[in-house]
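Only one structure is covered here, and it is reproduced in the block below.
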Amino acid sequence: MTTPINLIGLDADDTLWHNEYFFKLTQKRFLELLADHADSDHAATRLFDAEKRNLAIYGFGIKGFTLSMIETAVEITDGKVPASVIQEILDAGRDLLAHPVETLPGVEDTVEKLAGTYKLVLVTKGDLFDQERKLAQSGLGDMFKAVEIVSDKNRGTYERIFRQHGAGPDHSVMVGNSMKSDVVPAIEAGGWGIFVPHEHAWALEHAEAPIDAPRFREAAQFGDIADIIEKL
């Protein structure tokens, strides 16, 4: 039986390749740098608050994270943060921006298989240059018919993408590791949402699973995506 699906949107960070793990390592180093000024729990909370505050200004991605770390360091030290600490934070941000891409298990084979049957669109948030770099280094770029690097993922985002690149929401699927950004708004837009859990999840991407939604699916691993979509 021919599947009605013709468009698959794929998230990038922590769906196709590792990402949050490296942010967590950088945050750990940041907390160590401020250990003389605040305990780790307090500093982590202040950093999280700064990230939330700054999303509307800096957007998603490494540059915003780096600026939030600097802002937090200034606040915690009452403006007395040593220049050497600021330099280490900047260096950590540059290291993140240059980190090699490591695709997740099963991704390359599954994406190649999907590309043979469906139109694939990469739908990701974050810094334009960084996301373009990671896609190029991943070796997956040629398998996507379109790339959407957006400032946010909401219902309107998916309504536009499903119509612009596919045959509309009824024939579209979004796959990703974020319930808040990849699954819930795609379903709200009228499409299907497939959740692929990742062991490292950013707290700001948390949302309750729409378990009662008929167009919600969950995959144990990325390699299960093709079979799930074939059964829709």
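How big is the convex hull of the Cα atoms of the chain, per residue, in Å³?
115 Å³
Highest mean first, what order results for 52-61, 9-18 on Cβ atoms within 10 Å? Write down the numbers at each step before the final one.
Details: 52-61: 14.9, 9-18: 23.5.
Final packing ranking: 9-18, 52-61.
Can you give the calculated 222 nm mean residue ellipticity of the chain, where each DSSP H run of n ≥ 4 adds -39,500 (n - 2.57) and the sum is split over every residue, rounded to the nearest 500 deg cm²/dmol? List each step's numbers first, then the result.
Values: 9 runs with 105 residues, N = 232.
Roughly -14000 deg cm²/dmol at 222 nm, from the helical runs in the chain.
What is the fewest-to-most order of E208, E230, E132 by other Cβ atoms lying within 10 Å of their Cβ?
Lowest count first: E208, E230, E132.
Please state the relative contact order of the range 20-97 as a whole percent: Cα pairs under 8 Å, 6+ residues apart?
The normalised contact order for the range 20-97 reaches 33 percent.
Give me the one-decimal nm value for the distance between modelled label points at E199 and K113, 7 Å along each residue's Cα-to-Cβ direction.
With each label point 7 Å from Cα toward Cβ, the separation is 2.3 nm.
What percent does the relative contact order of the chain come to when contacts are Cα pairs within less than 8 Å and at least six residues apart? Display every interim value, and only then the final one.
Details: 349 pairs, mean separation 60.5, N = 232.
Taking the mean separation of contacting Cα pairs over the length of the chain, I get 26 percent.
With a Förster radius of 25 Å, plug the Cβ-Cβ distance of E132 and R29 into 1/(1 + (r/R0)^6) and report the FRET value to the nearest 0.05.
Calculated transfer efficiency: 0.45.
I need the semi-axes of the equivalent ellipsoid of the range 20-97: take the C-alpha gyration tensor, multiply each eigenvalue by 5, square-root it, list largest first in whole angstrom. Can you show the working numbers first?
Values: eigenvalues 59, 39, 30 Å².
Equivalent ellipsoid semi-axes, largest first: 17, 14, 12 Å.
Go ahead and run the numbers for FRET between A213 and T45, Cβ-Cβ distance against an R0 of 41 Å, rounding to 0.05.
For R0 = 41 Å, the calculated efficiency reads 0.80.
Throughout, read-outs are computed from the coordinates displayed, never taken from laboratory work. Bear in mind that the values here come from a model prediction, so they are computed numbers and not experimental data. As a convention, Cβ positions derive from the backbone with ideal geometry for all residues, glycine included, and neighbour counts pool all protein chains shown.
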